[in-house]
Structure formats: C-alpha cells, structure tokens
Amino acid sequence: MPNSAPATIEDVARIAEVSIATVSRAIHTPDKVAKSTRQRVNQAIAITGYTTNAMARSLRMGRSNMILILAPDIGDPNFSSTLIGLENEARAHGYGVLIGHTQNDPERGLEYLKFLSSGQATGLVLFTGHEPFGHQVLGQRLPPSVAVFEPVFGSKISYVGVDDVAGARKAAEHLLSAGHRSIAFIGDSKTRLGHQRRRQGFDIALDAARIPPNQRFVLEGEGTIESGRLAVEQLFMRDQLPSAFMCVNDATAVGVLNGLTARGYDLPHDFSVIGFDDVPQATYVNPALTTIRQPRTAIGRQAMSLLIKSLGDRTMERQEILLMPDLIVRGSVTGPARR
C-alpha cells in the first residue's frame, strides 16, 4: 500500500531519474516537458503518492480539479494509450488526473478512496471492472464515475469501451471465412462482463454459420498468458482439438501460441489463433497475431468527456458508449490443416 510517510518532490525526482525542476514543470506546465519524461514523472507520482500534494494545491485555490483514475495494473498495454486520451481531454477542460495503482489490493484502494472522501478528487475513472473495494466501509457515496474497458458488473456506473460483441463476432467471422468449422473460445467468465460479451459475439457468429455445439469448445480463463497455455493443455487432455482458437484477449492468445509451439506444432499451418485488443506484443510474437484493435485513445477521450458532463449534471443517468473495433490481419490465421 502507499507509504504512510509524506512523499516529497525529491522522491519523485529520484524514481523518475530527473531533476526536481523537471518534476515541477511536468506538474505545472506539462506541455513544456517531453512526452517520455512526463510519462516517467507521472509513473513516479503514482508510485510515491506525491500527487496528493498537487491536489492540496487545487484545494487551496478553492476547488477540486482532480480526477482519480483507479487501475489494477498500470503496466497493462491498454492503460497507457487510454490514459493519453483521458489526460488530454481532462487538461482541455482544466482538470488534472491522479493515477491510483491498486494492484488489486483492497488496502491500496482504501488509501486512494480517501482522496474522494476528503474532496481532493471530484470524479472517478475505473479500469478495475468493479466498484472500489471498501467504499461502503468509508460510508461514502461514489462521485460521478465512468468505467473504461471493463463494465462494472451489476452497477449503475456509466461505461465507455469497445463494442465487445461486435468485435468478437468480427473475429469469429474471420476464422469462419478462412474455412474453420471447429473453433475454441478461450476466456469465458462468470464474473467479467467484458469476457461474457466477447463470448456472446462468438456464439452469434457461429450460430449464424450453423456450427453445431459439438464443434465448439468453450473454456474459462482469466485473460492471462498462463490461462491461455493451460487451456491448450486442457484440450489436449480431453482429446478435443479445434482447428482454430479464438481468444478473449491478446495475452490469452500469446499463451495459446506458446502452448502449441511447446508441443512442436507449426503455426499457423497446424492451428489458427486470433486475439482481441492489439497490444504492442501482438506484432512481435511468431507468427504475428491477427487480432481485434481497440480504439484506446478515443475511448479515453470519450470517457473523460462523459465524466466531465456528469460533473456538471449530477442527475445524469447511466450511459454506455461503445466504439467499433477494427480487424487487424497478420499471420496467425490461415485455412484449417487436413488431419
């Protein structure tokens, strides 16, 4: 959890490996600081919690102009591109952002929620897929909030993200157009709404193609590389081998590629694999991953725009804004191998 001792600007400078003057410029006049340097400073601020000092300054000016962003993993490739859109839109309207790196730790989440209960942050952006742990314990209502990338299950929190159903349908139709009729979906979930929507898109495409249930294989997964590798092992143990794998995200797809390669298969000749997200790693695996690209920066911009509108109208009802994704064709999908 964040250090209980107050962070100093020297702490931020040391971690970011820049001068104190550069940290100050990155906070007060970010347009005068190189993008790569600003990103290092922002990450150091998130690690140390020094951003609380910036919020204190906004309180001294008589208003809170900070938006709290809670993310379980700031190293997630989806995070940085979305943050650019969030931050640019916030700055255009006179707001700053505080990044709360929760690491799925309830205690860290409680620490960051104190910024809301004290009035140091006026709005909330959630990457977590759930309401903040412990906000009921603090006896507080959440401020105007928007979720990105992962809808909050069973909540009235507005959501901005990719159209998961349409994207997954597009991925499945690409496999079908290549001639595949035996396809596995890797990454189903009982608790993650985004995963469920991608499973729905998969089913819609296969239903339209009249693919019978015995030619579909659905396995649950956490959306990690390891869950993709384990799914391959499970299918081999069941002696159920599809000709293609549709994965809930790129991390799962990388795990599937690793699992098949470890067994000596020639990809994509023996099996086809498609992902979802188009993270940078997708271009570096072998074969390069065919996937669905999320418009991350646009998602960030629209999410912040919606949040700022809700700050001006506290009666605004929940909204859901879905952006269309693109199919990115690379080298991991080809026609089914003859067995």
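Neighbour counting of Cβ atoms within 10 Å sorts the residues Ile183, Ile321, Ile225, fewest neighbours leading, into Ile321, Ile225, Ile183.
This ranking places His195, His269 by how few other beta-carbon atoms lie within 10 Å of each, fewest first, which gives His269, His195. Under 16 Å of direct C-alpha separation, and excluding same-chain neighbours fewer than eight residues apart, Lys170 reaches these aspartates and glutamates: Asp203, Asp207, Asp250, Asp277, Asp278, Asp326. Just so you know, the Cα atoms of region 123-196 work out to an Rg and Dmax of 16.6, 56 Å. Determine the sum of side-chain charges near Thr191: Lys and Arg each +1, Asp and Glu each -1, restricted to other residues whose C-beta is under 11 angstrom from that of Thr191. Neighbourhood net charge equals -2. Partners of Lys32 within straight-line reach, counting aspartates and glutamates whose Cα lies under 16 Å from its Cα and excluding those fewer than 8 residues away in the same chain: Glu87. Specify the residue with the greatest mean-square fluctuation among Asn286, Asn214, Asn88, computed from a Gaussian network of the chain linking alpha-carbon atoms under 10 Å apart. The residue with the greatest mean-square fluctuation here is Asn214.
Helix 35-48 and the longest principal axis of the Cα set of the chain meet at an angle near 80°.
Looking at the chain, the DSSP beta bridges with both ends there are about 10 percent antiparallel. GNM on the chain, alpha-carbon springs under 10 angstrom: the most fluctuating residue among Phe133, Phe245, Phe185 is Phe133.
For the chain, the longest principal axis of the C-alpha atoms and the axis of helix 193-208 are separated by about 30°.
Of Asp76, Asp164, Asp326, which has the largest mean-square fluctuation in a 10 Å C-alpha GNM of the chain? Residue with maximal mean-square fluctuation among Asp76, Asp164, Asp326: Asp76. Our analysis of the chain gives Rg over Rh at 1.03, with the two radii drawn from alpha carbon positions and Rh computed by the Kirkwood formula. With the Cα gyration tensor of region 164-294 giving a ≥ b ≥ c as the square roots of its eigenvalues, does the rule (a/c under 1.5 for rounded; else a/b larger than b/c for prolate; else oblate) give rounded, prolate or oblate? It comes out rounded by the Cα gyration axes. Helix 51-60 axis versus longest C-alpha principal axis of the chain: approximately 40°, rounded to the nearest ten. Each helix, a run of at least 4 DSSP H residues, gives -39500 (n - 2.57); summed and divided by the residues of the chain, these come to -13500 deg cm²/dmol at 222 nm. Taken along the Cα-to-beta-carbon direction at a fixed 7 Å, the label points for Asp188 and Arg14 span 5.1 nm. How about Lys156: which aspartates and glutamates have a C-alpha closer than 13 Å to its C-alpha, ignoring those fewer than 8 places off in the same chain? List returned: Glu131, Glu317, Glu320. The 3J(HN,Hα) values that the Karplus relation (6.51, -1.76, 1.60; θ = phi - 60°) gives for region 261-277 are, in residue order, 5, 4, 8, x, 7, 9, 9, x, 4, 7, 9, 9, 9, 10, x, 7, 2 Hz. Gly and Pro appear as x.
We did not get these values from a lab; they are worked out from the coordinates using the rules stated. Quick caveat, the model's predicted, so the values are computed rather than measured. Cβ: placed from backbone, ideal geometry, glycine included. Neighbour counts: every protein chain shown.
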